[in-house]
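Note sheet for the following structure.
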Amino acid sequence: MKILLSVLFGAATAALAQDLQWCGSARYDPAQYTCFDGDFLCPIENGEPTLRCGDACYKQDAYGCSNGVLVPNDPSDPDLLLSCGDAKYSPSQYVCFDNGFLCPVINGNPTLRCGDACYNYDQYKCEDGQLVQIQAQEPQCHAVYDFCVRDGMVYPCCEGLLCIATRCRDPADFDRRS
């Protein structure tokens, strides 16, 4: 039994390690972090990547980056212009990378830089300076008594199960005719 558990743990660890990527000398999970400039990690918070400005990470709706310096983003000031290298930009319309590269904000979401391109992080990922389209994955179903409602999100139950009171349940368990 110990050998079987050891083999299963090793296989799970190897599978997890395959999903990790390098950012400089650090390994990271691209579902939890974004690598900037090949060596700087910023966390992904609530599905939205934070952005790099100098040696800080920030949320685009709260801050802008003016030549490597964080500046509070004041949405009530539509005339606010920041510097990105020699260019001026509105932080509600663009984000600045590497003190001179602007990427647009689309539907309130900042796009990220990959080489000389800007991309939507929910449709693409950047690997070694090249854009790779993210393949839509079928959501994994949850088995009987697994949580199907967590943090306000509803997750699919496996076929034949229903989400009842936050857990996947077999409707036959509720058959009162017997």
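Go through the residues of segment 138-152 one by one and say whether even a single one is within 24 Å of Cys42 (Cα to Cα) and not aromatic (Phe, Trp, Tyr).
yes
Checking Asp116 against (1) of a type in the set (Asp, Glu); (2) surrounded by fewer than 11 Cβ atoms within 10 Å (Cβ to Cβ); (3) in the same structural domain as Val71 (by TED's automatic domain parsing); (4) under 18 Å from the mean Cα position of the chain (by Cα), only one condition comes out false. Which one?
All conditions are met except number (4).
Does segment 32-63 hold any residues that are within 19 Å of Asp128 (Cβ to Cβ) and more than 14 Å from the chain's Cα centre (by Cα), and which are they? Steps first, answer last, please.
Initial filter on segment 32-63 (within 19 Å of Asp128 (Cβ to Cβ)): 33-42, 49, 52.
Within segment 32-63, Asp37, Gly38, Asp39, Phe40, Arg52 meet the criteria.
Show me the strands (runs of 3 or more DSSP E) found entirely inside segment 35-89 where at least 2 residues are free of Cβ contacts under 8 Å to residues at least 24 places away in the same chain and in contact with a strand residue (DSSP E or B) (Cβ under 9 Å, 6 or more places away or on another chain).
Numbers: elements: 40-45, 51-53, 56-58, 63-66, 69-72, 82-84, 87-89.
So the answer is 40-45, 56-58, 69-72, 82-84, 87-89.
The values are calculated or read from the model by the stated rules, or taken from the named source; none is laboratory data. Since the structure is predicted, the reported quantities are computational estimates derived from the model, not experimental observations. Virtual Cβ from ideal backbone geometry, glycine too; neighbours counted across all protein chains shown.
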